[in-house]
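Novice: I am attaching a structure below and will ask some questions about it afterwards.
The values are calculated or read from the model by the stated rules, or taken from the named source; none is laboratory data. Because the structure is predicted, anything quoted here is derived from the model rather than measured. Cβ sites come from the backbone with ideal geometry, for glycine too, and all protein chains shown count toward neighbours. Note: areas computed on protein heavy atoms with side chains; ligands, DNA, RNA excluded. Shrake-Rupley method; radii C 1.70, N 1.55, O 1.52, S 1.80 Å.
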Amino acid sequence: MQTLTRELSKYVNQAFVDAGYGDAYGAVKVSDRPDLADYQCNDAMAVAKAQRCNPFDVAEAVSSRLQDCPAFSSVTVARPGFINIKVNDEYIASRMNEMRADDNLGFVPCDDPCTIVVDYGGPNVAKPLHVGHLRSAIIGETMKRLARFLGNNVIGDVHLGDWGLQMGLVITEIKHRWPDLVYFRPDFVEGMDENLSISAEDLYNIYPTASLKAKGDPDYMAEAQEATLMLQNRHPGYYALWKNFMQISVRDLKASYAELSVDFDVWYGESDADEYVNDMVEGFISGGFARESEGALVVDVAEESDSAPMPPCLIRKSNGAMLYATTDLATIVQRVKDYNPDKIWYLTDARQTLHFDQVFRCAKKTGIVPETLKFEYLPFGTMNGKDGKPFKTRDGGVMRLSDLIQMMHDAFADKSRNSANVDSDETAALGGINAEANEIARLVGNAALKFGDMVNHRTKNYVFDLDKFMSFNGKTGPYLLYTVVRIQSVLRKAEERGLACGPITAPCGDTERSLMLELSRCSSMLLSAYDEKAPNYICESLFNCASIFNKFYFENRILDEADDARRGSWLTLLTLIRDIMKQQLWILGIDVPEKM
Ligand code: ARG
């Protein structure tokens, strides 16, 4: 199948060719005036400009050649030269049937599938996963699923922060608290390690303590730096200790991500890039790319065209320690070797823009990547509290992700206990908190959180508003789940009554027609979301489908429809909406419960 926009453009393009204006014209887009038309083509103006003629005459010549086209019910011209198109009802219905029969529900793959590494999540070992990492995880998961669904070969890498000073800080604090641990014995050799009886919770408390101490105490800081260097040089005791708390932290991280239905293909960390660092840095030096600057090693990355200052990329500090940029560069070396990707996507908070600019430039300049490799940075804004400042807990601390998840979960449980507030027969079924209800609460919380985030354009800051996100009315995750559950419930009842599906026939009312048109547009919306890396298009598309469906649902008595053909067509249409919405929700990382 092809998208509806492209299909219609093909006809219009042919009319431009037939009218003698050449092959470059005829693209249609969704009409700006839905009251007048479904689609419009503005290319008569472009022809007029290029070929010095009257746009209205061009539009007339093209439109006269489209009058018999079976895909259109009307093609008219408006001044100065807009071609307005209404799509034929039979044609829309035939597309619905094609979509229903298509394995991909009419979703068209992208034009240039390739290999993409998606670097997202980026949690730090021994530091709690906080809401700052939340957006990376949920937007990254969506971009990964979207790219994969559209036919790309995609590798999602969590890129753990498991190396560098933060690890030295943790080791130092553990040493201060438990100096007798076997890891600190001078005669420690591999195999002597004892199980560390530290919980993830302890670790999360150790890191902030250490970091605070280091800020006020230069000796403590020096100790941590020393420990970092020793770890990087594989000191047996420190290395074994590190491996031990790594395990504890990763287990905890995996559990949090599972709650969010976020799932990484590989769990590489900064430490995995370490083995590539030395050769790479050697290459920077021998290639004449790196220079000494106050004892440190740097690569200049400024370009003449820069309008803002671009500091050099710092590769090695004067004490020999490698930096965040070094690790990112070495990780690029590893990715090229392992996957030879065409693109690498990075998802972090927009505050890391300069860092990635430097890293990308340095990688290109030093030739550690093929020229064709494309780095694509997908920054995002912050999640703010109602005060407009980055989201914090009530006591001003950083909200832990696990607490946030619990909060969403509790909010839903509260809501369903007061199910009188929620006007639906489906939701009223939710009574006590049993395992099933728990899972439903998780799914609703997850939907609320993710949709509330991604409905905003990626680069915008947004306000976290629990009540708004959890509402069953309006542009929210719960509203969408509720809509799909409603469709599922109608289809279940139809089955119980033995009512059969039939071929989809031409729409019999405006709402049904709008619904079909909206479904026809889902594929284009998905492609735009991919091209512009903007999951909010998928959110818009879902919301449109849901709200038009609900209008349709209230206007028609689907199950009681007496005309078998009509009812059969509606039931098939319902299965199509359900499957399309579920597919889009899946891309957003949102799972739908069977019932609510
Ligand atoms: N761990 C980093 C942080 O918490 C994010 C990592 C982002 N990815 C990368 N390749 N640098 O800020």
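Novice: Tell me, which residue of the stretch 14-51 that is within 24 Å of Met99 (Cα to Cα) and of a type outside the set (D, E, K, R) is surrounded by the fewest Cβ atoms within 10 Å (Cβ to Cβ)?
Specialist: If we take residues in the stretch 14-51 being within 24 Å of Met99 (Cα to Cα) and of a type outside the set (D, E, K, R), then Pro34 is surrounded by the fewest Cβ atoms within 10 Å (Cβ to Cβ).
Novice: Is one or more of the residues making up the stretch 185-193 aliphatic (A, V, I, L, M) and within 16 Å of the ligand (Cβ to nearest atom)?
Specialist: No: the stretch 185-193 contains no residue that is aliphatic (A, V, I, L, M) and within 16 Å of the ligand (Cβ to nearest atom).
Novice: Next question, about the same structure. Residues being open to solvent by 30 Å² or more (accessible area, probe 1.4 Å) and assigned to a loop (DSSP other than H, G, I, E, B): count how many of those fall in the stretch 534-557.
Specialist: Within the stretch 534-557, residues that are open to solvent by 30 Å² or more (accessible area, probe 1.4 Å) and assigned to a loop (DSSP other than H, G, I, E, B) number 2.
Novice: So, Asp387, is that one farther than 30 Å from Glu436 by Cα, free of Cβ contacts under 8 Å to residues at least 60 places away in the same chain, open to solvent by 40 Å² or more (accessible area, probe 1.4 Å) and within 16 Å of the ligand (Cβ to nearest atom) or not?
Specialist: Judged against the criteria, Asp387 is not a match.
Novice: Suppose the filter is open to solvent by 10 Å² or more (accessible area, probe 1.4 Å) and closer than 28 Å to Leu329 by Cβ; does His159 pass it?
Specialist: So His159 fits the description; yes.
Novice: Sticking with this one: Of the conditions (1) within 16 Å of the ligand (Cβ to nearest atom); (2) free of Cβ contacts under 8 Å to residues at least 12 places away in the same chain, Ile139 satisfies every one except a single condition; which number is it?
Specialist: (2)
Novice: Same structure again: List every residue pair whose Cβ atoms lie under 6 Å apart, where the two residues are 6 or more positions apart in sequence or sit on different chains, the first residue falls within the stretch 555-572 and is more than 13 Å from Ile487 (Cβ to Cβ), and the second residue, located anywhere, is among the aliphatic types (A, V, I, L, M).
Specialist: So the pair list comes out as Gly568/Ala500; Ser569/Ile504.
Novice: Does any residue of the stretch 305-323 turn out to be at pLDDT below 95 and within 16 Å of the ligand (Cβ to nearest atom)?
Specialist: yes
Novice: Limited to the stretch 255-268, what total is found for residues that are within 16 Å of the ligand (Cβ to nearest atom), over 17 Å from the mean Cα position of the chain (by Cα) and either part of a helix (DSSP H, G or I) or surrounded by 17 or more Cβ atoms within 10 Å (Cβ to Cβ) (or both)?
Specialist: Within the stretch 255-268, residues that are within 16 Å of the ligand (Cβ to nearest atom), over 17 Å from the mean Cα position of the chain (by Cα) and either part of a helix (DSSP H, G or I) or surrounded by 17 or more Cβ atoms within 10 Å (Cβ to Cβ) (or both) number 2.
Novice: Determine whether Thr142 is in a helix (DSSP H, G or I) and more than 24 Å from the chain's Cα centre (by Cα).
Specialist: no
Novice: Applying the selection to the stretch 399-410, what residues are open to solvent by 10 Å² or more (accessible area, probe 1.4 Å) and more than 12 Å from Ile440 (Cα to Cα)?
Specialist: Across the stretch 399-410, the qualifying residues are Met399, Arg400, Ser402, Asp403, Ile405, Gln406, Met407.
Novice: Within the set of pairs 6+ apart or on separate chains, which have a first residue in the stretch 148-165 that is closer than 30 Å to Met230 by Cβ, a second that is in a strand (DSSP E or B) and within 9 Å of the ligand (Cβ to nearest atom), and C-beta atoms under 9 Å apart?
Specialist: Taking only residues 6 or more apart or on different chains, the pairs are Asp157/Asp119; Val158/Asp119; His159/Asp119; His159/Tyr346; Leu160/Asn124; Gly161/Asn124; Asp162/Asn124.
Novice: List, please: which pairs have Cβ atoms under 8 Å, are six or more places apart or on different chains, and start with a residue in the stretch 2-19 that is of a type in the set (Gly, Ala, Ser) and end with one that is not in a loop (DSSP other than H, G, I, E, B)?
Specialist: So the pair list comes out as Ser9/Val28; Ser9/Cys41; Ala15/Val62; Ala15/Ser63; Ala19/Val58; Ala19/Ala61; Ala19/Val62.
Novice: Residues of the stretch 334-368 being β-branched (Val, Ile, Thr) and either more than 16 Å from Ile315 (Cβ to Cβ) or open to solvent by 30 Å² or more (accessible area, probe 1.4 Å) (or both), which ones?
Specialist: Correct list: Val336, Ile344, Thr348, Thr353, Ile368.
Quick grid of which residues meet (1) of a type outside the set (Ser, Thr, Tyr); (2) open to solvent by 20 Å² or more (accessible area, probe 1.4 Å); (3) touching a residue at least 40 places away in the same chain (Cβ under 8 Å):
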| residue | (1), (2), (3) |
| --- | --- |
| Tyr204 | no, no, yes |
| Thr209 | no, yes, no |
| Ala214 | yes, no, yes |
| Thr228 | no, no, yes |
| Leu231 | yes, no, yes |
| Arg234 | yes, yes, no |
| Gln247 | yes, yes, no |
| Val250 | yes, yes, yes |
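Novice: If you don't mind, another one. Report yes if Asp467 is closer than 19 Å to Met96 by Cβ, surrounded by fewer than 17 Cβ atoms within 10 Å (Cβ to Cβ) and over 18 Å from the mean Cα position of the chain (by Cα), otherwise no.
Specialist: Spelling it out, it is not the case that Asp467 is closer than 19 Å to Met96 by Cβ, surrounded by fewer than 17 Cβ atoms within 10 Å (Cβ to Cβ) and over 18 Å from the mean Cα position of the chain (by Cα).
Novice: Residues that are assigned to a loop (DSSP other than H, G, I, E, B), surrounded by fewer than 18 Cβ atoms within 10 Å (Cβ to Cβ) and under 26 Å from the mean Cα position of the chain (by Cα): does the stretch 506-513 have at least one?
Specialist: Checking the stretch 506-513: not a single residue is assigned to a loop (DSSP other than H, G, I, E, B), surrounded by fewer than 18 Cβ atoms within 10 Å (Cβ to Cβ) and under 26 Å from the mean Cα position of the chain (by Cα).
Novice: Looking at the structure I just gave you, is Gly122 assigned to a helix (DSSP H, G or I), within 16 Å of the ligand (Cβ to nearest atom), open to solvent by 10 Å² or more (accessible area, probe 1.4 Å) and of a type outside the set (D, E, K, R)?
Specialist: Here the answer is no, as Gly122 does not meet what is asked.
Novice: Can you tell which of Asp112, Asp89 is farther than 25 Å from Asp510 by Cα, of a type in the set (D, E, K, R), away from the ligand (no atom under 16 Å from the Cβ) and open to solvent by 10 Å² or more (accessible area, probe 1.4 Å)?
Specialist: Step by step, each of Asp112, Asp89 is checked, and only Asp112 is farther than 25 Å from Asp510 by Cα, of a type in the set (D, E, K, R), away from the ligand (no atom under 16 Å from the Cβ) and open to solvent by 10 Å² or more (accessible area, probe 1.4 Å).
Novice: OK, next. Conditions: (1) surrounded by 14 or more Cβ atoms within 10 Å (Cβ to Cβ); (2) under 23 Å from Ser523 (Cβ atoms). Arg65 meets all but one. Number of the miss?
Specialist: Evaluating Arg65 over (1) surrounded by 14 or more Cβ atoms within 10 Å (Cβ to Cβ); (2) under 23 Å from Ser523 (Cβ atoms) leaves (2) as the failure.
Novice: Please state which of the following conditions Leu165 fails to meet, knowing it meets all the rest: (1) under 15 Å from Asn244 (Cα atoms); (2) open to solvent by 10 Å² or more (accessible area, probe 1.4 Å); (3) within 16 Å of the ligand (Cβ to nearest atom).
Specialist: Unmet for Leu165, out of (1) under 15 Å from Asn244 (Cα atoms); (2) open to solvent by 10 Å² or more (accessible area, probe 1.4 Å); (3) within 16 Å of the ligand (Cβ to nearest atom): (1).
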